[in-house]
Amino acid sequence: MFHSRLASRRGTRVGFRRRTRREGAMTMVIEADKVATVHYTGTFPEGKVFDTSEGRDPLTFLVGHQQMVAGFEDEMLGAAVGEKREFTLTPERAYGERDDGAVQVVPREQFPEEMELEVGRTERVQTEQGPLQFSIAAITEESVTVDFNHPMAGKTLRFAVEVVDIRDAAPEELSHGHVHGPGGHHH
Ligand code: ZN
């Protein structure tokens, strides 16, 4: 009689421990080396939407591998599935301040003749550091003013984010530095 009561008490305790351990594993949060899937809407402070995942697939990224601007990840650290967060990133936490030195006046003959030049148009050039994107800021008969600043440089960005899914990254994803499968690379 005494033994069986002790046994059942022990059983209860073991069961309780198991349950807490499983609950701990279920509250996975966004942290380095996790693969996070989120829905997001980005707006400028005046309210204009510049990008949103609404109506399309959510965004999937490997946390802690420079896939996102650092400020975005910092603000989402510790968030669990279903959690919604809103935050504002000043330029230094988003795409950096604008650099006037990144605006250059280039003689027009340096551009291929067949290349359609139009103010506001975004083009890409190959450099020793890899592909570089620029926009055309001005055109005259002799020259073209090109702007190598990131289009979002100097801008304050607001984000509303909802966490859809979090999982552990596979060893292969960690070594590649990006996500494989849905929302990621297929190779
Ligand atoms: Zn890969």
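What to note about this one:
- Cβ separations smaller than 9 Å between residues 6+ apart or across chains give the following pairs from segment 161-187 residues that are farther than 11 Å from V35 by Cα and near the ligand (Cβ under 9 Å from one of its atoms) to residues that are part of a strand (DSSP E or B) and modelled with pLDDT under 95: H176/H185.
Listed here are the residues, each with its yes/no results for (1) surrounded by 15 or more Cβ atoms within 10 Å (Cβ to Cβ); (2) under 21 Å from the mean Cα position of the chain (by Cα); (3) under 22 Å from F44 (Cα atoms).
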residue	(1), (2), (3)
H150	yes, yes, yes
L157	yes, yes, yes
L174	yes, yes, no
P182	no, yes, no
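- Residue check for L117: over 16 Å from the mean Cα position of the chain (by Cα), away from the ligand (no atom under 16 Å from the Cβ), surrounded by 11 or more Cβ atoms within 10 Å (Cβ to Cβ) and assigned to a strand (DSSP E or B): no
- Within segment 70-96, considering residues that are surrounded by 17 or more Cβ atoms within 10 Å (Cβ to Cβ) and free of Cβ contacts under 8 Å to residues at least 60 places away in the same chain, the one nearest to V161 (Cα to Cα): E73
- The listed residues are E23, E31, and the only one of them that is exposed (fewer than 10 other Cβ atoms within 10 Å of the Cβ) and either at pLDDT below 95 or assigned to a loop (DSSP other than H, G, I, E, B) (or both) turns out to be E23.
- Candidates Q104, Q126 - the one that is exposed (fewer than 12 other Cβ atoms within 10 Å of the Cβ) and either of a type in the set (V, I, T) or assigned to a strand (DSSP E or B) (or both): Q126
- Flag: P151 does not match the condition of being under 26 Å from M68 (Cβ atoms), in a loop (DSSP other than H, G, I, E, B) and within 16 Å of the ligand (Cβ to nearest atom).
The values are calculated or read from the model by the stated rules, or taken from the named source; none is laboratory data. Since the model is a prediction, treat every value here as computed from it, not as a measurement. Reconstructed Cβ throughout: ideal geometry from the backbone, glycine too, with neighbour counts over all protein chains shown.
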